[in-house]
Amino acid sequence: MLTMTVHLLLGLLLSLGAHRSLACPHLCSCQGSQVDCSSRSITSDSLPSSFPAETEELRLHDNLLSTLPNGILDDLTSLSSVSLHGNPWICDCGILYLRAWLRRQSASMGSHLGVICSSPPSLRGRSVVYLTEEEVLESCHYWYCNLALASLGSLIVFVVVQAALLIALIAFLRRFERISKEAKRATEESFAAGDGHRENDYERLKDSSI
């Protein structure tokens, strides 16, 4: 009985896995082994995380893709056609996977056609597949420089805000100290005036008793 249950569970898991592998990704349309995700305004963030294992033709052209996640195409062993043109590819460190994948494909497959860098400016218009390793590394430095500048700007803003808060705190403490001194002086004067009145009243009572 236990063995039969295990076999049933395994069969269910396998059937679910097969169904998942055949499922058409969100934002795409499928017909047989063709998966069409073209012209859907798909970004690198909204790109499906996987495609059916049986995919032979994959269309990703004319979208808003700037990079591809590492390994997303590696399990598609039946691929015979992939269209990637018409996307704003950013040729920094994130392009390394796509560059390596394109270099492994046959030139007759044509996957590299139209896969052009849109940034950084030094590489704009260059074909991704023909980028040298040195150029990619330099583009990584370009990206790091932008990140460093953004971090420096954030640090400067943080320091300015902290300095403004410190100045405001010092001004508040000085004002509080001044108000405290004035209140203390007014209290002392009030006590002094009260003592004077009491002495005058005592003198008047003393004179009247005599």
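Keeping all protein chains in the complex and leaving out DNA, RNA and ligands, what accessible area do you get for HIS26 with a 1.4 Å probe, in Å² to the nearest 10?
Surface accessible to solvent at HIS26 totals approximately 150 Å².
Relative contact order of region 51-143, please, whole-number percent, based on alpha carbon pairs below 8 angstrom and at least 6 residues apart. Don't skip to the answer; put the middle values down first.
Working: 156 pairs, mean separation 25.5, N = 93.
After rounding, I find 27 percent.
Determine the share of region 90-141's accessible area contributed by carbon and sulfur atoms, expressed in whole percent, with a 1.4 angstrom probe.
Numbers: 1490 of 2630 Å².
Carbon with sulfur: 57 percent of the solvent-accessible area.
Of the DSSP beta bridges with both residues in region 23-109, give the percent that are antiparallel, rounding to the nearest 5. Can you show the working numbers first?
On the way: 3 of 10 bridges.
Just about 30 percent of them are antiparallel.
So with the 1.4 Å probe, I'd like the accessible area per residue for region 31-127, rounded to whole Å². Show your work: numbers first, answer last.
Working: 4530 Å² over 97 residues.
Heavy-atom accessible area per residue stands at 47 Å².
So if the hydrodynamic radius of region 31-107 is defined as the Kirkwood radius over C-alpha pairs, what does Stokes-Einstein give as its diffusion coefficient at 37 °C and 0.692 mPa s, in µm² per second? Don't jump to the answer; show the numbers that get you there.
Numbers: Rh = 12.7 Å.
After rounding, the answer is 258 µm²/s.
The values are calculated or read from the model by the stated rules, or taken from the named source; none is laboratory data. Everything numeric here is computed off the predicted structure, so don't read it as measured data. The protein model used for the area step is the full one, side chains on, heavy atoms only, and it has no ligands, DNA or RNA in it. Shrake-Rupley method; radii C 1.70, N 1.55, O 1.52, S 1.80 Å.
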